[in-house]
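The values are calculated or read from the model by the stated rules, or taken from the named source; none is laboratory data. Just so it is clear, the model here is predicted, and its values are computed rather than measured. Methodologically, a virtual Cβ is constructed for each residue, glycine included, from the backbone with ideal geometry; neighbour enumeration extends over all protein chains shown.
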Amino acid sequence: MERSVSPKAISLGEIPWWSWLVLVLLLVVLFLALSASGDLLAPLIGKAAYATDYLHEFTHDGRHLLAIPCH
């Protein structure tokens, strides 16, 4: 006979602090991946941002598919 295991609900206070940090970092990465182009990163890394504009081109059509404007 199998024992049924019911899931235990956890509150937001029981979630470890590092998981909140990981969530914030992932959201920042998602924002950067979906943002316009090297113009957003230029203040942070300078002219190297324009050399890495391939991220914009790689995700261009996917952004339009998700209705995220990029230009």
Going through Ala49, Ala9 one at a time, which residue ends up being over 14 Å from the mean Cα position of the chain (by Cα) and at pLDDT 70 or above? Ala9
Only one of Leu55, Leu66 that is at pLDDT 70 or above and either of a type outside the set (Lys, Arg) or surrounded by 12 or more Cβ atoms within 10 Å (Cβ to Cβ) (or both): Leu66
Any residue in segment 17-36 that is of a type outside the set (A, V, I, L, M, F, W, C) and modelled with pLDDT under 70? yes
